[in-house]
Amino acid sequence: MSNIFVTNNTDKTLKDGFGGVFYEFRPGSTIEIPPETARHIFGYGDDKKEPYLARLGWAKTSNDLDAGLEILAQWEISTQPPKKNQSLSPLVERVPLPSQKRAGGKVLSVAA
């Protein structure tokens, strides 16, 4: 089975591991890990997430389950690497083009 890509979309770093290999999941970063590690840390492929949320400290009691699931929902876990957005940010796209009116510039001619 191919590796799993995990992207941390939270604002906190998570340090965890499995089988003697440790990973640091920094905010905004994507880490490629084996599927068994993704299952151990995040419950990848398991419908019952409670044990994983408890182990991570995201749900200490059953009352915390919804909050823990909200944290887990901020993590992107996929068999494919995330696609980078190739378009400009909305702020850059809204910058007006320079005016065509220009004054005071010199025109240089090049001899052929």
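May I ask you to list pairs of residues, at least six apart or on different chains, whose Cβ atoms are under 8 Å apart, with the first in segment 1-24 being more than 21 Å from L69 (Cα to Cα) and touching a residue at least 60 places away in the same chain (Cβ under 8 Å) and the second being β-branched (V, I, T) and not in a strand (DSSP E or B)?
Matching pairs, first to second residue: S2/T79.
I'm trying to understand the selection: among the residues of segment 1-18, which are assigned to a loop (DSSP other than H, G, I, E, B) and closer than 21 Å to L53 by Cβ? I'd like the intermediate steps shown before the answer.
Just the residues of segment 1-18 that are assigned to a loop (DSSP other than H, G, I, E, B), to begin with: 1-3, 9-13.
Matches in segment 1-18: N9, T10, D11, K12, T13.
I'm trying to understand the selection: among the residues of segment 44-63, which are under 17 Å from N9 (Cα atoms) and assigned to a loop (DSSP other than H, G, I, E, B)? Break it down into steps so the answer makes sense when it comes.
Here is the first cut: in segment 44-63, the ones under 17 Å from N9 (Cα atoms) are 44, 53, 56, 58.
Correct list: Y44, W58.
Checking the conditions here, which among E36, E76 is in a strand (DSSP E or B), open to solvent by 70 Å² or more (accessible area, probe 1.4 Å) and of a type outside the set (K, R)? Give the derivation first.
On the way: E36 fails: in a strand (DSSP E or B).
Going through E36, E76 in turn, just one is in a strand (DSSP E or B), open to solvent by 70 Å² or more (accessible area, probe 1.4 Å) and of a type outside the set (K, R): E76.
Counting only residues that are under 16 Å from I4 (Cα atoms) and in contact with an Asp or Glu (Cβ under 8 Å, 6 or more places away or on another chain), which one in segment 39-73 is surrounded by the most Cβ atoms within 10 Å (Cβ to Cβ)?
If we take residues in segment 39-73 being under 16 Å from I4 (Cα atoms) and in contact with an Asp or Glu (Cβ under 8 Å, 6 or more places away or on another chain), then I41 is surrounded by the most Cβ atoms within 10 Å (Cβ to Cβ).
The values are calculated or read from the model by the stated rules, or taken from the named source; none is laboratory data. Keep in mind it's a predicted model, so treat the numbers as computed, not measured. Here the Cβ is made from the backbone with ideal geometry for all residues, glycine too, and neighbour counts use every protein chain on show. Quick note on the areas: whole protein, heavy atoms, side chains included, nothing else; ligands and nucleic acids left out. Shrake-Rupley method; radii C 1.70, N 1.55, O 1.52, S 1.80 Å.
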